[in-house]
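Here's the structure, in structure tokens; my notes come after.
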Amino acid sequence: MFNNKFPYFAKGRILKQSMLENLRDYPRNFIDLYFQDYSNGIIAGSNLLIEDDYIHIKRGVIKFGGVVYILDKSQNLNYTNTNKEMVIKFRVAQIEETEDFRTYNSEIFFDNKIELKEDEFELGRFKLREGAELRSNYNDFLDFSTKYNTINIINVKYANVEKHTLHPLIIRTFAKKLLKASYDNNLDTIFAMESLNSKTIDRDVIISYLVRRLGIAEKGYTNLELYEYMKKIVKELSGVKLNEERRDKGPKKIIVD
């Protein structure tokens with residue numbers, strides 16, 4: 001049967017093994033059960049911020065290979081100008097067994113190999129030119145694909161039920177653009193509202209929206225392909241807006257006396 005059992009720690013009571021086991025198992029069981037249907041990917045946090053010559057991987061939670069990994073303290077990586085595309089990778093390390101704990105370890109590192117091995121996961125990538133500064137802030141939706149000197153999170157897998165999805169920052173930025181620039185398309189409005197009211201958007205929902213919006217084939221797409229289609233919509237909306245402005249202003253007349 002379902003239950004919720006918690007121990008009493010009262011003055012004068014004997015501390016029993018079963019009480020300590022309850023403290024050990026309850027949070028772990030809750031996390032495992034809650035995320036059991038989730039795909040591999042970032043569950044929360046793990047944002048990348050730039051400060052001086054360091055990339056700060058902020059606190060976060062990642063599910064990989066059926067195991068939930070928790071980063072409870074920011075980790076800093078010193079980066080340099082290499083003029084090569086570098087991937088920030090999470091890699092599963094050896095399990096540590098002691099009398100008191102079993103620890104699932106991992107490591108975070110830079111790698112100039114784009115391909116991921118079976119025990120690796122991408123947190124982001126960048127290509128830094130010599131003399132330039134790296135940044136992790138984005139001016140607009142198109143800025144996510146800036147080739148140089150910018151942290152790229154397009155290929156990062158964000159965990160969701162059954163299938164991974166796009167990073168929420170990409171989705172939210174896109175949704176805000178839709179609300180601002182799309183005036184007469186109900187499909188855009190519905191997708192934007194759903195995106196802004198949810199932490200993550202199901203991958204199939206994104207694909208269904210793009211299929212109906214652009215008339216593309218309904219099939220599996222990579223993160224990059226989904227982003228490129230979304231970018232196409234943003235460019236289209238920007239073009240429509242420019243055309244409307246031109247119509248409002250009307251043609252300019254030159255009077256010669």
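Any read-out appearing in this document is the output of simple, stated calculations on the displayed coordinates, not a laboratory observation. Keep in mind that this is a model prediction, so the values were computed, not measured. Note that each Cβ is placed from the backbone with ideal geometry, even for glycine, and that neighbours are counted across all protein chains shown.
Each Lys and Arg Cβ is given +1 and each Asp and Glu Cβ -1; about its Cα centre, the stretch 91-181 then shows a dipole of about 940 debye. In loop segments of the stretch 89-168 as defined by DSSP, the chymotrypsin sites (Phe, Trp or Tyr not before Pro) with at most 13 further C-beta atoms inside 10 Å of their C-beta are F101, Y148. Nothing charged except the Cβ atoms of Lys and Arg (+1) and of Asp and Glu (-1): what's the magnitude of the dipole of the chain about its Cα centre? Round to the nearest 20 debye. Dipole magnitude for the chain comes out near 760 debye. Only one residue of F191, S208, Y54 has its Cα farthest out toward the positive end of the dipole of the chain, where Lys and Arg carry +1 and Asp and Glu -1 on Cβ, and that residue is F191. Between K180 and K232, the simple label model (points 7 Å from Cα in the Cβ direction) yields a spacing of 2.3 nm. Gain on full extension, evaluated as 0.36 nm per residue between K113 and I190 minus their Cα-Cα distance, stands at 23.8 nm. How many percent of DSSP beta bridges within the chain run antiparallel, rounded to 5? Within the chain, antiparallel bridges account for around 95 percent of the total.
Charging the Cβ of each Asp and Glu at -1 and of each Lys and Arg at +1, and nothing else, the dipole of the stretch 168-239 about its Cα centre rounds to 240 debye.
Using C-alpha pairs below 8 Å separated by at least 6 residues, the relative contact order for the chain is 13 percent.
The alpha carbons of the stretch 181-226 stretch over 27, 25, 15 Å along the principal axes, in descending order.
DSSP loop trypsin sites (Lys or Arg not before Pro) in the stretch 91-184 with at most 10 other Cβ atoms within 10 Å of their Cβ, which ones?
On the way: sites: R91, R102, K113, K117, R125, K127, R129, R135, K147, K157, K163, R172, K176, K177, K180; in loops: K113, K117, R129, K147, K157, K163.
Sites meeting the loop and neighbour criteria: K147.
Projected onto its three principal axes, the C-alpha set of the chain covers 103, 50, 39 Å, listed from the longest axis down.
Residues of the stretch 99-136 falling in the label zone of T82, defined by backbone nitrogen less than 11 Å from a point 7 Å along Cα to beta-carbon, are 109-114, 126-128.
Here the chain is scanned for GluC sites (Glu not before Pro) in DSSP loops (not H, G, I, E, B) that have at most 13 other Cβ atoms within 10 Å, and the longest stretch holding none of them is 1-98.
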